[in-house]
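Chemist: If you scroll down you'll find the structure; I have some questions about it.
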Amino acid sequence: MKGILGAGMVLTKMREKAGYNQKEFAKVLGTSQSTLCKIESNKRRVSLEMLERMATCLDYREESIILYFLSYRYPNLMLCHIREEVRTMEKEFVRAT
C-alpha cells in the first residue's frame, strides 16, 4: 500500500484538539476505528486520500496537512514557501522534548 508512514502522534493530537475520540473520527472519515488506531500508532500508512479527508474534518487546507506529513516523513523536503506553516503546526501539535 502506498502512503505516508509516521507522524501518528501528530495526527492523534490534531484529532484530540478538534474534540474527536478515535471512534467518532473514524466514522467521520469513513474508516474503521481499527484502521485509524493503526495509522495513529504508525502501524499503517495513511493514503493521500485519507489525509485529504482528515484535513477537511480538521479544518486545514488539504495541501498544508499533506505537506506537513510529507515534511515529517522526509525532513529534507522542506520547501521554503511552506516552512513557516509547518513550523506553526509543529509548535501546536508536537510536544517539546
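Chemist: Could we say that Glu92 is surrounded by 14 or more Cβ atoms within 10 Å (Cβ to Cβ), charged (D, E, K, R) and either modelled with pLDDT under 70 or within 14 Å of Gly8 (Cα to Cα) (or both) here?
Modeler: No: the conditions fail for Glu92.
Chemist: Let me ask something else about it. Please work out which residue is surrounded by the most Cβ atoms within 10 Å (Cβ to Cβ), limiting yourself to segment 25-39 and to residues that are more than 19 Å from Glu52 (Cβ to Cβ) and out of contact with any Lys or Arg (no Cβ under 7 Å at 6 or more places or on another chain).
Modeler: My answer is Cys37.
Chemist: Take the residues in segment 40-84 that are at pLDDT below 65 and part of a helix (DSSP H, G or I); name whichever of them is surrounded by the most Cβ atoms within 10 Å (Cβ to Cβ).
Modeler: Ile82
Chemist: Taking into account only those residues within segment 6-23 that are over 10 Å from the mean Cα position of the chain (by Cα) and surrounded by 14 or more Cβ atoms within 10 Å (Cβ to Cβ), which is modelled with the lowest pLDDT?
Modeler: The extreme case among them is Ala18.
The values are calculated or read from the model by the stated rules, or taken from the named source; none is laboratory data. Note that the structure is predicted; figures quoted are calculated from it, not measured. FYI the Cβ positions are ideal-geometry reconstructions off the backbone, even for glycines, and counts take in every protein chain you see.
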